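Coordinate-derived values only; no laboratory data. All of these numbers come straight from a predicted model, not from anything done at the bench. So basically every Cβ, Gly included, is an ideal-geometry build from the backbone, and we count neighbours across all protein chains shown.
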Amino acid sequence: MTKEEKYIDLYTQIKGLLEDEVDEIANMANASAAIHNAFQFWWTGFYIVKNNELVLGPFQGPVACTRIAFNKGVCGTAWAKADTLVVPDVHQFEGHIACSAESNSEIVVPLIKNETVYGVLDIDSRDYNTFDETDAKYLQKICELLN
Ligand code: SME
């Protein structure tokens, strides 16, 4: 199966999981589990905007930092830019927040509703160069299912 085919199946699975449930936390929990298990990423989870900072939400993987400020780290930068960030080598990203020393590449997708970022999806990989435009495209589509 190609990565794209895997994402198409994953999208269908998550759509089904989310369509009869409106609770944001329940949906983020199942979405993070489905993504994480489909690709065996190192860390997959959500941060939610609360009182002008990102606070750790549902995730799969090792324990993580609980709070990230606006414009800090990859997550805070994706929030500030309201745009997806693909980071092939986190050690080259100025200000990267190392929740885990094992993480080497990362993608962060903002969750946007009514033109406002209300959280981010963050995925970390132990390999370099894990994420590309295909990941960005399908993870953005998956994030839209949360709205
Ligand atoms: N690396 C992220 C912090 C979150 S952890 O990876 C789970 C960042 O730089 O924003």
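A compact table of results
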{"item": "Cβ-Cβ under 9 Å pairs, at least 6 apart or on other chains, the stretch 59-83 side buried (at least 21 other Cβ atoms within 10 Å of the Cβ), far side of a type in the set (S, T, N, Q) and part of a loop (DSSP other than H, G, I, E, B)", "result": "Thr77/Asn71; Ala78/Thr84; Trp79/Asn71"}
{"item": "Residue in the stretch 98-140 that is nearest to Lys3 (Cα to Cα), counting only those that are surrounded by 13 or more Cβ atoms within 10 Å (Cβ to Cβ) and polar (S, T, N, Q)", "result": "Thr134"}
